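**Q** Sharing a structure with you now.
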Amino acid sequence: MLDKLNDVESTGLDALQAVQDEAALEAWRVAHLGRSSGLMQIFSQFGELSKEEKPVVGKRANEVKKALEVAFGAKAEQMRQAALKRSLEQEQLDVTLPGRRLPLGRLHPDTQIQRELFRVFGEMGFQVYRSREVESDEYNFQLLNFPVGHPARDMQDTYFIEAEGRGDNPIVLRTHTSPGQIHAMREYSARDPQDPPSVRIILPGMCYRYEQTDARHETQFDQLEGLAVGPGITFSNLKGTLADFARRMFGQDTRTRFRASFFPFTEPSAEFDIECFLCGGKGCAVCGGGWLEIGGSGMVHPVVLKNGGYDPARFTGFAFGFGIQRIAMLKYGITDIRYFWENDLQFLEQF
Ligand code: DAH
């Protein structure tokens, strides 16, 4: 029996040396300490021993059991430590890796320019007046002194929406922001028809035309309209306002130029240019002769004042309008107006 116990102990301890993983360890436990192990068989044969043998074998059997259990515990702990060491070495979190960059949204270049324009005109006391994009022929043309069939309409060919029974007043997508002048003047003058308040507003927004698209022409584009109406407003106020705008927007030395022109809703009318801020007026590939064409302007036509509820005998006013994308193109050196609404990230991410 004692020999058998010595054998159980040494084979058990030897076998434990070879154990490499969790599964082998568990198999070892079943084989050497489990119910049908050699050791447990010896315990079960205990009854067959003589009185003298019992305490000797019993003591030794308990020693062997204890030795195997201690060795098992030590092996299990040793394997746990080894596994921990491995995982610490192999599964290291490398905190020096750069984080994942979160893409940050930004304002569309058109919005950026609009906000700059709002700021500049805001400093000069102009408020933003929002007007509708879907218009009637009456507001888009007739009330602005473009009668039905007037040749000046040809410059603003547009989308008409078929609507039964509207005759000469079809629905149109506005071709310019100027119809907002009528809406604004009517709203202001309705507040006090006998003594209407002065108007000093800018009207931004999308306009639509039937265009042969190219680098400078799109079927949709933003305009910024300006309107000032009050007693005693003169052409010098118009010139001063636009000259001041150009200096605030493009730099203190920027000069402005007015050229006589025609618009049905202003009299007299002028187109205004600013000195090219890219070449300083010397002449370059963008401007040609040193001047950049910005937009149209003029003194509000008496008929238009009357249509807005302002008596032309008591009130005068000036108005102007220009393309916002044109300004953005000049400011950022954008060579094609079609980029604005293409939603190409390679373009948009540059701003
Ligand atoms: N509405 C004109 C256009 O789109 C631009 C314009 C010219 C607006 C003269 C004005 C103005 O207010 O006075 O072609």
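The values are calculated or read from the model by the stated rules, or taken from the named source; none is laboratory data. Nothing here was measured: the structure is a model prediction, and the numbers come from that model. Cβ placement follows ideal geometry from the backbone for every residue including glycine, while neighbour counts extend to all protein chains displayed. Each accessible area value is taken on the protein alone, full model and side chains, heavy atoms only, with ligands, DNA and RNA left out. Shrake-Rupley method; radii C 1.70, N 1.55, O 1.52, S 1.80 Å.
**Q** Can you tell me which residue in region 208-252 is surrounded by the fewest Cβ atoms within 10 Å (Cβ to Cβ), limited to those that are among the hydroxyl-bearing types (Ser, Thr, Tyr) and under 30 Å from residue 188 (Cα atoms)?
**A** Going through the qualifying residues, I end up with 236.
**Q** When you look at residue 222, is it of a type in the set (D, E, K, R) and over 28 Å from residue 195 (Cβ atoms), yes or no?
**A** yes
**Q** When only residues in region 178-205 that are part of a loop (DSSP other than H, G, I, E, B) and acidic (Asp, Glu) count, which is least open to solvent (accessible area, probe 1.4 Å)?
**A** Checked region 178-205; the qualifying residue least open to solvent (accessible area, probe 1.4 Å) is 192.
**Q** Let me ask something else about it. Please find, within region 143-197, the residue that is farthest from residue 210 (Cα to Cα) out of those that are among the basic types (Lys, Arg) and at pLDDT below 95.
**A** The extreme case among them is 166.
**Q** Of the conditions (1) assigned to a loop (DSSP other than H, G, I, E, B); (2) surrounded by 11 or more Cβ atoms within 10 Å (Cβ to Cβ), residue 120 fails just one. Which one is it?
**A** (1)
**Q** For residue 341, work out the one condition from (1) more than 30 Å from residue 107 (Cα to Cα); (2) under 23 Å from the mean Cα position of the chain (by Cα); (3) aromatic (Phe, Trp, Tyr) it doesn't fulfil.
**A** (1)
A quick yes/no check of all residues on (1) in contact (Cβ under 8 Å) with a residue 60 or more places away in the chain; (2) within 24 Å of residue 265 (Cα to Cα); (3) within 13 Å of the ligand (Cβ to nearest atom); (4) of a type in the set (Val, Ile, Thr):
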{"residue": "120", "(1), (2), (3), (4)": "yes, no, no, yes"}
{"residue": "141", "(1), (2), (3), (4)": "no, yes, yes, no"}
{"residue": "150", "(1), (2), (3), (4)": "yes, yes, no, no"}
{"residue": "177", "(1), (2), (3), (4)": "yes, yes, yes, yes"}
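**Q** Where in region 1-94 are there helices (runs of 4 or more DSSP H), lying fully within it, with 2 or more residues that are open to solvent by 40 Å² or more (accessible area, probe 1.4 Å) and in contact (Cβ under 8 Å) with a residue 40 or more places away in the chain?
**A** Once the helices (runs of 4 or more DSSP H) in region 1-94 are filtered for at least 2 residues that are open to solvent by 40 Å² or more (accessible area, probe 1.4 Å) and in contact (Cβ under 8 Å) with a residue 40 or more places away in the chain, what remains is 2-18, 22-33, 53-90.
**Q** Kindly indicate whether residue 315 is within 20 Å of residue 199 (Cβ to Cβ), at pLDDT 95 or above, aromatic (Phe, Trp, Tyr) and away from the ligand (no atom under 15 Å from the Cβ).
**A** Judged against the criteria, residue 315 is a match.
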